[in-house]
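Note sheet for the following structure.
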Amino acid sequence: MRAPAPALGRAASALRALPHGRRADALLAAACFAVLTAIALIATQALHRGTMVFYGWALLAVACGALAFRRSRPRTVAAVTFVACAVYYPVTEPDGPIIMTFVIALYTAAAQGHLATASALAAVAMGATLYGNDSDNINHLADAATFLLAGWFVAVIAIGGLARNRRAYLREAERRVAAAERSREEEARRRASEERLRIARELHDALGHNISLIHVQATAALHVLEREPGRAGDALTAIKDASKDSLRELRATLGVLRQVDAPAGPGLARLDELVAGSTAAGLTVRTETEGAPRPLPPDTDHAAYRIVQEALTNVTRHSGASSAVVRVRYGDDGVTVTVEDDGGGAPAPAPAGTGTGSGIRGMRDRAEALGGTLDAAPRPGGGFTVRAALPA
């Protein structure tokens, strides 16, 4: 009685080693063979017909064993179970429910997408069954009516097709969810990148102008400190004002970072302060306004201010100009700001690695972000012109 134990243990170990799907199919095949064997034995004893012939058991084993490969070879399994049933019913007694193996195979073939194969085998099986019933006096369908068997075949094929469609729908839904998740992540990365660039541009424009003024005034103060102390005092006063403006700009920028709905920042209403700072640095700046001034959208107003600020910074640092003109023209569909100087031409290019918030590129980014344009080019008679058209 102990001999079968090692063999059963090895069989159980081999079964556990199979992948999950193959393991389930092997268990199904074993369960079908056990149930059909029990039914055959009970039917044989009930009819007092001794034992079923050996090839009956062989056909039963083949039909059930084929189910172990039903998902990897669905069409082959359907054909094998069909042949096994076609041979089993005419040559063995008593009849048993071996046809269930064929029904399972039909369902699997339909669920795997082989609807044509499953339908063809079901039709052939119905034709063979009708022919077999008419050729002798044995009712191989037992108590089941012919239309009931046909209904089984149609039902299992239909259910298999529905199962396939459901799996396809779930796979598509999972694919779309994964694609949506990737899209959200990419959108989050894009927005984070844009926000970093915006912060870098804002800090550059907010601090760069005033720090440039401080540098110019400090240089002037060093040159006149001993010869003209009065002018040195004026330069130091300008440095004080510029540093105060820098702190105010820095606080405003940090406030934007801390608040969700913070104001966009300074606008053209503070243009006089901007011009005064450049004038204190020794640059003569004249402002001209065309059209009736009117309130602008906060982003447009802020961009116009920053573009003028950056243009004046470039004039102060790079052009060697003595004077500049700032023109603001209010039109029906937007505002145009122009900064012209009488310096030596194009400003020096920004150093490598300073980012997109530097110089002309930063001004152009601001304009294009609002759907506007920016042109920057040397003037034919000398000097440089920056013109930005911003929609309102």
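Within region 155-196, which residues are of a type in the set (Val, Ile, Thr) and either closer than 16 Å to Leu106 by Cα or not in a helix (DSSP H, G or I) (or both)? Walk me through how you get there before you give the answer.
To start, the set of residues in region 155-196 that are of a type in the set (Val, Ile, Thr) comprises 156-157, 159, 177.
Val156, Ile157, Ile159 - these are the residues of region 155-196 that are of a type in the set (Val, Ile, Thr) and either closer than 16 Å to Leu106 by Cα or not in a helix (DSSP H, G or I) (or both).
Of everything in region 315-333, what is charged (D, E, K, R) and surrounded by fewer than 16 Cβ atoms within 10 Å (Cβ to Cβ)? Give them in sequence order.
Arg329, Asp332, Asp333 - these are the residues of region 315-333 that are charged (D, E, K, R) and surrounded by fewer than 16 Cβ atoms within 10 Å (Cβ to Cβ).
So, Asp272, is that one over 26 Å from Ser322 (Cα atoms), modelled with pLDDT of 80 or more, in a helix (DSSP H, G or I) and of a type outside the set (Ser, Thr, Tyr) or not? Criteria not met by Asp272. The set of residues from region 95-112 being crowded, with 16+ Cβ neighbours inside 10 Å and farther than 17 Å from Asp25 by Cβ comprises Asp95, Gly96, Ile98, Ile99. State whether one or more residues within region 294-314 are in contact with a Phe, Trp or Tyr (Cβ under 9 Å, 6 or more places away or on another chain), touching a residue at least 24 places away in the same chain (Cβ under 8 Å) and open to solvent by 60 Å² or more (accessible area, probe 1.4 Å). Checked against the condition, which is being in contact with a Phe, Trp or Tyr (Cβ under 9 Å, 6 or more places away or on another chain), touching a residue at least 24 places away in the same chain (Cβ under 8 Å) and open to solvent by 60 Å² or more (accessible area, probe 1.4 Å), region 294-314 yields at least one hit. Residue-level check: of (1) touching a Phe, Trp or Tyr at 6+ places or on another chain (Cβ under 6 Å); (2) open to solvent by 40 Å² or more (accessible area, probe 1.4 Å), Val77 misses just (2). Does Ala122 count as at pLDDT below 75 and either under 52 Å from the mean Cα position of the chain (by Cα) or on the phi > 0 side of the Ramachandran plot (or both)? Taking the combined requirement at face value, the residue does not satisfy it.
Collect the residues in region 374-392 that are open to solvent by 80 Å² or more (accessible area, probe 1.4 Å) and not in a loop (DSSP other than H, G, I, E, B), keeping them in residue-number order.
First pass over region 374-392, keeping only residues open to solvent by 80 Å² or more (accessible area, probe 1.4 Å): 375, 378-381, 387.
Result: Asp375, Pro378, Arg387.
The values are calculated or read from the model by the stated rules, or taken from the named source; none is laboratory data. These numbers were taken from a predicted model, which means no experiment stands behind them. Positions of Cβ are backbone-derived with ideal geometry, glycine not excepted, and every protein chain shown enters the neighbour counts. Heavy atoms of the whole protein, side chains included, go into the accessibility calculation; ligands, DNA and RNA do not. Shrake-Rupley method; radii C 1.70, N 1.55, O 1.52, S 1.80 Å.
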